[in-house]
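> Okay, handing you the structure first.
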Amino acid sequence: MKILAIDTSCDESCAAIVDTDAWKLCADVVLSHTQSMEAYGGIVPEVASREHLKALPLAVREALARAGLALNEIDHIAVTHRPGLIGALLVGVTYAKSLAFALKKPFSIHDHLQAHLFSPCLISLEGGEPPKFPWLALVVSGGHTELFHAESPARYRWLGGTLDDAAGEAFDKIGKLLQLPYPAGPRIDKWVRESATPEDRARFAFPRSKPDDFQFSFSGLKTSVANQIRKLEPLSDADRLALAASAQEAIIDALVDRVESSQRALGVGQIVVAGGVACNSRLREKLPGAYFPPPRHCSDNAAMVGLLAALLEKEGRLENAPWTATPIAHAELA
Ligand code: KG4
Ligand code: ZN
C-alpha cells in the first residue's frame, strides 16, 4: 500500500509518501512558512491557513514527483485532524478528503501528537533499528509538552503535560523578549552552544517549577525573565546571552527532572524524546540514555503521519474515516 500523508497542523505544509510493502519512506516534503511569520514575531493563524492553501498542492505534487508516482497510484490518504490551528487543520483535512473522494480511495484521520509520539519509529523506514517498547515518551514542541507511556502504536497512555505554556513556546516567547526572530528555540540553542560559558548559564537562577507528578509549567519562568530584563535594561549583548543561556538551562532542567522522576515512578527503561524541542542540543546532552530521533524527524513533518497510518495498518487497526455527515443513527448505517 502506498500512503500519501498530509499535515497542516501549524505553519508547515507537509506531504509524504510511505510504501508499506517495501517499508520505505519514498518522499518527505516540508514547506515551511516561518518566514511569513517573522514580521509578526509569532504564528498568525489566518496567515498560516492562507499559506497552506497555496503551498499544500505544491507539497503533494513535489512528494509524488520525488516518489516517482502518479496520483492514481496512491492507495490511501492519511491526514492530521487534531490538535493544531483550526483553520490550518481544515485546509489539510478538506484537501485530503476531496482528493480521496476524487480518486475513490480511502482516507484516515490522525492525531498529530500520536504521530510525534511514534516518530522515533521513522528510522525503521530508512533501514534503521527503532527503540524497543515500552517507552516513556516526552513529546515536546511549540504547542505541547506531554509525557506518555507507550506499549505499542495502538496502546499508549497520556501521563500528564504542561499546565500552561509548552517548552517550545517558552523558548519562542523568551526569545521574543530578547529580540530574537521567531522561532527563537533553534536560535537560542545555537547561540548558547557556540558562545555561552558555564558562568552565563548560571548567572540568573530562574525558577524550575515542579508541579505534581508528570506535570510541567513554564509561564512563571517567562515572567521571571521579563522581570529580570526590566531590572537590567538597557541590556548589553553579554546580558542577552546570559539571559538566553540561563533561561534555556531552566527549561531543560525542568524537562529532565520530570522525565527522570517519571522514569523512576514507572520503572520504564527506555526514554524517547520527540517534537521540535527534541532538536535541542542541551536536552540531548542532559539525557544521554534517551533515544532522540534525527532532527529532521523531530520537527513537524508528514512522514510521521504516514508512518502512524502504516503502523496501525500493520496491527489491523487503521480505520477509514467516514465520507460525510449523516442524520442516521450509527446502528442503521450498515
Ligand atoms: O514540533 P514542532 O516543529 O511544531 C509544533 O508542533 O509545535 O516544534 C516547533 C517548536 C518551536 O517552538 C521551536 O522554537 C522549537 O520547537 N525548537 C527548538 C529547537 N528546534 C525547534 N527549541 C529549542 N531548541 C531547538 N534546537
Ligand atoms: Zn508538531
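The numbers here are math on the coordinates, done by the rules we state, and not lab data. Just so it is clear, the model here is predicted, and its values are computed rather than measured. We place every Cβ from the backbone using ideal geometry, glycine too, and count neighbours over all the protein chains shown.
> Could you pull out every residue, at least 5 positions away or on a different chain, whose amide H is within less than 5 Å of the one on Ala27? Hs are placed 1.01 Å off N in the peptide plane, and Pro or chain starts have none.
Under 5 Å from the amide H of Ala27 lie the amide H atoms of Ile17, each far enough along the sequence or on another chain.
> Can you sort Trp23, Trp135, Trp191 from fewest to most other Cβ atoms within 10 Å of each residue's own Cβ? Mind showing how you got there, number by number?
Numbers: Trp23 14, Trp135 26, Trp191 19.
Ascending number of Cβ neighbours within 10 Å: Trp23, Trp191, Trp135.
> Bin by bin, in steps of 5 Å, what percent of the Cα pairs in region 47-144 do you find, going until the bin that has the longest distance?
2, 11, 16, 20, 21, 16, 10, 4, 0
> Run the helix sum for the chain: -39,500 (n - 2.57) per DSSP H stretch of 4+ residues, divided by residue count, reported at 222 nm to the nearest 500 deg cm²/dmol.
Calculated from helices alone, the mean residue ellipticity at 222 nm is -14000 deg cm²/dmol.
> A further question follows. Give the average over all directions of the projected area of the C-alpha convex hull of region 163-287, one decimal, in nm². Provide the component values of the computation, followed by the final result.
Details: hull surface 29.6 nm².
So the mean shadow area of the Cα hull is 7.4 nm².
> Please build a GNM for the chain, connecting alpha carbons under 10 Å apart, and tell me which residue among Gly168, Gly142, Gly269 fluctuates the most.
Gly269
> Neighbour counts of other C-beta atoms within 10 Å: give me Thr162, Thr20 arranged from fewest to most.
With the fewest neighbours first, Thr162, Thr20 line up as Thr20, Thr162.
> Using Cβ contacts closer than 10 Å as the measure, can you line up Leu136, Leu4, Leu99 from fewest to most?
Listing Leu136, Leu4, Leu99 from fewest to most nearby Cβ atoms yields Leu99, Leu136, Leu4.
> Quick one: Cα convex hull volume of the chain, Å³ per residue?
It comes to 151 Å³ per residue, whole-number rounded.
> Ordered by residue, what ³J(HN,Hα) values in Hz, to whole numbers, does region 109-121 give under the Karplus form 6.51 cos²θ - 1.76 cosθ + 1.60, where θ = phi - 60° and Gly and Pro are x?
Taking θ as phi minus 60°, the curve returns 10, 9, 8, 4, 5, 5, 5, 4, 4, 9, 4, x, 7 Hz for region 109-121.
> Next question. Sort 117-125, 312-320 for me by packing, meaning the mean count of neighbouring Cβ atoms within 10 Å per residue, highest on top.
117-125, 312-320
> Something else: If you average the C-alpha positions of region 189-248 and of region 126-170 separately, how far apart do those two centres end up, in angstrom?
Rounded to whole Å, the Cα centres lie 25 Å apart.
> Still on this structure, I have one more. Compute the Cα gyration tensor for region 84-128, then decide on rounded, prolate or oblate, letting a ≥ b ≥ c be the square roots of its eigenvalues: rounded whenever a/c is under 1.5, prolate when a/b is larger than b/c in the other cases, and oblate in all that remain.
oblate
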